[in-house]
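Enquirer: First, the structure itself, so that you have it in front of you.
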């Protein structure tokens, strides 16, 4: 199996070299740029293939020497055995690396994202937990040098959020946050609990890549625009102008409201950005459903109904249920230290893809 893949890489790489040296191709800027990018994308895999071929050659020479000369000194025979074992180990590792290098990257990985956090079961405690998740993501974005902006929020009187929508911008934002989608659960004694009992509350997170107009076309005739006056917690007026915007996408029934920006136009632009991301998410969900039989991946689905992580305050631990990973550093995680989860989930995702032959 690996030999077939390696041969395909070699043939494709050599074919690209031939095309890039063709005078006709060199005079066609667009075609040359396309081939140059394909060549650049394939280069890391080809470099691994060259190293694999070198190890393969060393193994063949060592085995040939062992088989061809019965008068070898014991020291030389042991040396050749070690060389053979080292070459085999190298080939096994390189074969895995080559398979990984040839996996198709997620086309959304480099995109900016929109994160929606909603309080779930648990009343005031759930809204406070939603606020903590918001702070966790803002801190993680800051650590990664991403820009972050709250597009919309529905705060509660206790300092939590019923819902908050955040835009995170920066190259690779989706690849960093895409495994956060799902139901997050918190176990702790609420500040309002006088009996000292541990309560369980939830918040739902959705992570959506931002998309351009060309990726999701929205017919203006399909969107109803309603303008209303902004309001804050408890219903008090935020400003005295009718600047808040509600968009209703009639074909799907999706509704997006924005009121945090100063002008009606700014709120409409922000609402359209969220609407486009939600429609794209629906499109992705349909595609993932179609691929479900071909690839049963435990991670990366972003399913809002999937319980993905539990934050246990009494024991100071966080458990990701998709990979069975428990970290006893709750405070650090809530301060944005999510790398260990992200890296483990990404590794599991790659393993699932390799297993499925994707």
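Enquirer: When both residues are 6+ apart or on different chains and their Cβ atoms are under 6 Å apart, which pairs have a first residue that lies in the range 134-155 and is assigned by TED's automatic domain parsing to the domain that holds residue 180, and a second that is modelled with pLDDT under 90?
Expert: Short answer, once both residue conditions are applied: 151/270; 152/258; 152/260; 155/233.
Enquirer: If you take the residues of the range 333-358 that are in contact with a strand residue (DSSP E or B) (Cβ under 9 Å, 6 or more places away or on another chain) and closer than 24 Å to residue 190 by Cα, which of them is surrounded by the most Cβ atoms within 10 Å (Cβ to Cβ)?
Expert: Selected residue: 333.
Enquirer: Test residue 118 against the criterion of being within 30 Å of residue 178 (Cβ to Cβ), modelled with pLDDT of 90 or more, in the same structural domain as residue 172 (by TED's automatic domain parsing) and outside any helix (DSSP H, G or I), and give yes or no.
Expert: Against the criterion (within 30 Å of residue 178 (Cβ to Cβ), modelled with pLDDT of 90 or more, in the same structural domain as residue 172 (by TED's automatic domain parsing) and outside any helix (DSSP H, G or I)), residue 118 qualifies.
Enquirer: Evaluate the range 258-276: report whether one residue or more is closer than 26 Å to residue 123 by Cβ, surrounded by 14 or more Cβ atoms within 10 Å (Cβ to Cβ) and modelled with pLDDT under 85. Break it down stepwise before answering.
Expert: Going residue by residue through the range 258-276, those that are closer than 26 Å to residue 123 by Cβ are 258-260, 274.
From the residues that got through so far, the ones that are surrounded by 14 or more Cβ atoms within 10 Å (Cβ to Cβ) too are 258-260, 274.
Narrowing further to those that are modelled with pLDDT under 85: 260.
Checked the range 258-276: at least one residue is closer than 26 Å to residue 123 by Cβ, surrounded by 14 or more Cβ atoms within 10 Å (Cβ to Cβ) and modelled with pLDDT under 85.
Enquirer: Against the condition within 30 Å of residue 40 (Cα to Cα) and not assigned by TED's automatic domain parsing to the domain that holds residue 6, how does residue 106 come out, does it pass? Spell out how you get there, then give the answer.
Expert: Working: within 30 Å of residue 40 (Cα to Cα): yes; not assigned by TED's automatic domain parsing to the domain that holds residue 6: yes.
Considered against the rule, which asks whether it is within 30 Å of residue 40 (Cα to Cα) and not assigned by TED's automatic domain parsing to the domain that holds residue 6, residue 106 comes out as yes.
The values are calculated or read from the model by the stated rules, or taken from the named source; none is laboratory data. Keep in mind that this is a model prediction, so the values were computed, not measured. Reconstructed Cβ throughout: ideal geometry from the backbone, glycine too, with neighbour counts over all protein chains shown.
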